[in-house]
Structure formats: structure tokens, C-alpha cells
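For reference, the structure discussed in these notes is given below.
The values are calculated or read from the model by the stated rules, or taken from the named source; none is laboratory data. This is a predicted model, so every value here is computed, not measured. Using ideal geometry, Cβ is built from the backbone for each residue, glycine included, and neighbour counts are taken over all protein chains shown.
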């Protein structure tokens with residue numbers, strides 16, 4: 001069965017530290033990839049997405065992610081985090097064959113001021 | 001203007017009761033979803049409708065019944081509520097897979113607590 005793995009469940013960083021959150025998926029066919037963010041008490045919002053083309057995609061608020069097809073990975077990065085980045089981050093994979101989006105278990109990021 | 005709205009935002013009820021959650025989107029999308037987010041924040045698809053037609057029906061107890069009166073609305077009715085149904089339920093919408101596959105807009109969530 002298709003699955004999405006986020007390796008870090010909890011991450012604690014100080015402001016200005018660099019961030020990388022891992023995401024791997026198991027589906028071998030064509031996929032579209034997403035990162036969603038859920039700020040405390042809020043709903044999920046799209047951070048960035050990859051459909052095709054340049055595997056390095058840039059999203060809102062200085063986030064970027066790199067699609068590495070050979071590694072089935074779509075890691076999220078930010079060079080310098082801010083306290084306001086404290087949130088839950090979800091990687092999601094859309095299986096173009098099954099028309100279904102599978103979400104990872106989420107990574108809770110806490111940024112210390 | 002709210003893109004995807006859900007009512008109620010909070011729902012506290014007793015075991016055995018029947019309750020409904022409503023969802024509406026004004027984005028002109030033709031596909032809508034219900035997700036369940038448990039206490040560990042794990043997000044799992046329950047149902048998906050495209051143009052009022054059920055296209056995804058995950059392994060969900062048949063106490064849960066979605067209803068889509070039109071493509072802008074997707075309601076969730078739950079019969080005989082159980083303690084394990086306590087969670088946050090998110091509605092989402094998107095354009096059909098052929099347009100922007102997988103990009104979804106989420107509602108604010110409904111926190112259901114069963115006592």
C-alpha cells in the first residue's frame with residue numbers, strides 16, 4: 001500500500017537555525033507532492049507543491065523543497081526559521097493513478113525565540 | 001470571504017447520539033473531502049465526492065454517511081457516536097484531479113468530543 005513517511009515527529013530549533021524535514025513515499029508511479037502547514041489552532045494551508053519541471057520548488061514564507069525521484073523523497077527546507085514557523089508540517093503525496101492524497105503523520109516544529 | 005467553511009466548530013455530545021457536520025465551499029471546486037485528524041495529528045481521508053458522486057470511500061464504519069446535495073456542499077452524518085469518534089474533522093475541496101491534482105483547500109475543522 002502507498003505510504004508517506006515523515007521521519008521527524010518533533011523538532012525543536014532556535015530562531016535563525018536551518019530546517020530540514022524529511023519526507024519519503026512508497027509509490028513508484030507518477031505523483032504530485034505537497035507540503036501543508038497547520039499553525040496552532042488553524043486549518044491546513046498549502047505551503048508548496050511539485051507537479052513537474054524543476055525539482056526544486058519554492059513556496060511561501062521562504063520555504064523550499066526538493067524532489068529527488070531516485071530517493072522517493074521530497075524534503076522541506078528553510079535556511080533560517082522564525083518563531084512564527086512553529087506549527088505542524090504535513091507532507092502529502094497525490095497518486096495520479098488512484099486519485100487519492102496520502103498524508104504523512106506530520107512533524108511538529110517548535111521554534112524557540 | 002471564507003473559502004471552505006464548516007459548522008459547527010465545536011461539537012460535544014454523548015455516546016449513542018447522532019450528529020451532523022456541514023461543509024460548504026465557495027471556490028467553484030467540484031471535488032470535496034472529509035478527513036479525520038486524531039489526537040496524534042494523523043490525518044486520514046474518509047470520503048471524497050466529485051460532482052456529488054462518491055469517488056473515495058475508505059474503510060470507515062457505516063455509521064458515517066456523507067451526503068452531497070450539490071457540488072458546493074458535503075455534509076457528514078454520524079450515527080450512534082462512540083468515544084473513538086472523538087477527533088477533529090476537516091472538510092476540504094479541490095478542482096478535479098485532471099486540473100490541479102491533489103491541491104486541496106481545507107476548512108477550519110470541527111472538533112468533535114464524545115463523552
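Values computed for the structure shown
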{"quantity": "Criterion: buried (at least 17 other Cβ atoms within 10 Å of the Cβ), within 15 Å of the chain's Cα centre (by Cα) and more than 12 Å from chain B (Cβ to nearest Cβ) - qualifying residue of A:78, A:49", "calculated": "A:78"}
{"quantity": "Within segment B:85-115, tally of residues that are touching a strand residue (DSSP E or B) at 6+ places or on another chain (Cβ under 8 Å) and not in a strand (DSSP E or B)", "calculated": "14"}
{"quantity": "Selection status of residue A:111, over 15 Å from residue A:44 (Cβ atoms) and outside any strand (DSSP E or B)", "calculated": "no"}
{"quantity": "Residue, surrounded by the most Cβ atoms within 10 Å (Cβ to Cβ), within segment B:89-110, restricted to residues that are more than 9 Å from chain A (Cβ to nearest Cβ) and at pLDDT below 95", "calculated": "B:93"}
{"quantity": "Residue count for segment B:36-69, restricted to those that are within 13 Å of chain A (Cβ to nearest Cβ) and free of Cβ contacts under 8 Å to residues at least 60 places away in the same chain", "calculated": "21"}
{"quantity": "Residue B:75, sole failed condition from (1) surrounded by 15 or more Cβ atoms within 10 Å (Cβ to Cβ); (2) at pLDDT below 95", "calculated": "(2)"}
